[in-house]
Amino acid sequence: MLMGLCCVVPIVLILSGTAGLAALTGYLDYVLFAALALTIVIGLPLYARHHKRKQDAGFTHEDSEKRDD
């Protein structure tokens, strides 16, 4: 999600400039910081839960390396 956010921002800036909404780009910081905070608040617990389930299932780092080959 974070990479998508970083890729969308330049497109939004260019489109808002061409649509005559360049004055609103100053407020984009508030939206982007809120999106970043949501990514952290939601993403980290989801990752931790996924990692815990993977460990509880008995997968190790070596098991995942064997599957990739």
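The values are calculated or read from the model by the stated rules, or taken from the named source; none is laboratory data. Model, not experiment: these values are computed from the prediction.
Among residues that are at pLDDT 80 or above and more than 25 Å from the chain's Cα centre (by Cα), ALA23 is included. Taking the range 6-20 as the range and being of a type outside the set (A, V, I, L, M) and at pLDDT below 80 as the test, the residues that pass are CYS6, CYS7.
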